[in-house]
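Below: one structure, written as structure tokens.
Just so it is clear, none of the values below were taken in a lab; they were calculated from the coordinates. Just so you know, these numbers come straight off a predicted model, no measurement behind them. Positions of Cβ are generated from backbone atoms using ideal geometry, with glycine treated the same way; all protein chains shown enter the neighbour counts.
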Amino acid sequence: MQAMNVVVCVKQIPDPAAPGALDPGTKNLVRSGKLILDDSDAYGVEMALQLADAAGGGDVTLVSMAPNGEVSGLRTALAMGAARAILVSDDALAGSDALSTAKVLAAAIRRAEPDLVLAATESTDGYTGTTPVQIAELLGLPSVTFAKKVEVADGSLKVERQTEAGYDEVECPLPALVTVTAGVVEPRYPSFKGIMAAKSKPVDTLTVADLGLDGDQVGAGGARQEVTDVVPAESRAAGELVVDEGEGHQRIIEFLEQLKVL
Ligand SMILES: Cc1cc2nc3c(=O)[nH]c(=O)nc-3n(C[C@H](O)[C@H](O)[C@H](O)COP(=O)(O)OP(=O)(O)OC[C@H]3O[C@@H](n4cnc5c(N)ncnc54)[C@H](O)[C@@H]3O)c2cc1C
């Protein structure tokens, strides 16, 4: 058996249960408060722990980019069982777009020399769903997206990739990057022992300069995306109420025909 060292990209986000706020100037999400582990990334962490376990060796390293040296979300993932974390935090990163974020994460991941990189298909707060494939491109790795099942056998990756019609079976050599869907595995709850152990696990905090990145490539200055406007979602119009007087089924058929789904 071959040891499996897995890197998981873990985004720390404002608590979705709390009302979010936008900066009136940049129209960016305010991230100055406490951040938590994005639920979407708990699946990648669990998948990584199971793959390292099945390989009988190797471990899990978390990689995150977040403002203000934030580690709360990382501690949650460390409590689940990850061995260590790399956090990139630097004022110069403010206003970074998805490509700049991918450049930063790719540079941090390169240091860990993983056999496999896992990320979620999309984050809960930004959900462009573009960062992981950009990381793969920058690292020259094959990427397999929308995984609903991931296995490693004989040094090669076997993925069931969710599609609209069912799933594709994909095989690819390692190292590779895989994005996992919610439901790929059931994330464990951190145990009390895990929470205590997480407090002393290493978190390597790096700056842009530590990664050898050019400051012009990241932050607002390097961004090619800009939020130009934010408008509230249209409220839903009231639906049509149909009283069934024996011909309700006919009204349903007519409605579906109108939508061209029949
Ligand atoms: C206008 C703008 C301003 C921004 N300002 C800042 C800022 O001030 N400070 C800052 O730190 N970031 C900033 N960002 C970066 C932003 O928070 C996202 O990390 C980045 O844009 C990725 O986009 P997404 O959330 O849509 O990722 P998606 O592509 O939807 O994410 C998919 C997966 O990639 C991984 N991933 C994505 N982002 C990260 C991350 N940051 N760390 C670890 N894993 C990740 C996760 O596994 C995630 O589930 C800004 C982005 C924009 C567009």
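Of note:
- Cβ-Cβ under 9 Å pairs, at least 6 apart or on other chains, the range 108-124 side under 17 Å from residue 43 (Cβ atoms) and in contact (Cβ under 8 Å) with a residue 12 or more places away in the chain, far side among the acidic types (Asp, Glu) and part of a loop (DSSP other than H, G, I, E, B): 120/38; 123/38; 124/38
- The set of residues in the range 147-189 being within 16 Å of residue 7 (Cα to Cα), aliphatic (A, V, I, L, M) and in contact with a Gly (Cβ under 9 Å, 6 or more places away or on another chain) consists of 174, 178, 180.
- When residue 86 is tested against the conditions (1) touching a residue at least 60 places away in the same chain (Cβ under 8 Å); (2) closer than 16 Å to residue 190 by Cβ; (3) more than 8 Å from the ligand (Cβ to nearest atom); (4) buried (at least 20 other Cβ atoms within 10 Å of the Cβ), the lone failure is (2).
- Some residue of the range 226-238 being under 25 Å from the mean Cα position of the chain (by Cα) and surrounded by 10 or more Cβ atoms within 10 Å (Cβ to Cβ): yes
- All of (1) in contact with a helix residue (DSSP H, G or I) (Cβ under 9 Å, 6 or more places away or on another chain); (2) free of Cβ contacts under 8 Å to residues at least 12 places away in the same chain hold for residue 34 with one exception: (2).
- The range 222-246 residues that are in contact (Cβ under 8 Å) with a residue 60 or more places away in the chain, paired with ones that are exposed (fewer than 10 other Cβ atoms within 10 Å of the Cβ) and of a type in the set (Asp, Glu) (beta carbon under 7 Å, 6 or more apart): 222/216
- For the range 130-145, the candidate set comprises residues that are surrounded by 19 or more Cβ atoms within 10 Å (Cβ to Cβ) and hydrophobic (A, V, I, L, M, F, W, C); within that set, the residue that is nearest to the ligand (Cβ to nearest atom) is 135.
- Where strands (runs of 3 or more DSSP E) sit wholly within the range 4-66, those with at least 3 residues that are in contact with a Ser or Thr (Cβ under 8 Å, 6 or more places away or on another chain) occupy 6-9, 35-37.
- Residues within the range 105-129 that are more than 22 Å from residue 22 (Cα to Cα), surrounded by fewer than 24 Cβ atoms within 10 Å (Cβ to Cβ) and within 8 Å of the ligand (Cβ to nearest atom), tallied: 1
- The set of residues in the range 55-83 being within 16 Å of the ligand (Cβ to nearest atom) and under 18 Å from residue 191 (Cα atoms) consists of 60, 72, 73, 74, 75, 76, 77, 78, 80, 82.
Results for (1) of a type outside the set (A, V, I, L, M, F, W, C); (2) on the phi < 0 side of the Ramachandran plot; (3) more than 15 Å from the chain's Cα centre (by Cα), shown as yes or no for each residue.
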site	(1), (2), (3)
107	no, yes, yes
119	no, yes, no
122	yes, yes, no
132	yes, yes, no
135	no, yes, no
165	no, yes, yes
174	no, yes, yes
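- Hits in the range 19-50 (condition: among the aliphatic types (A, V, I, L, M) and either over 20 Å from the mean Cα position of the chain (by Cα) or surrounded by 22 or more Cβ atoms within 10 Å (Cβ to Cβ) (or both)): 21, 22, 35, 37, 42, 45, 47, 48, 49
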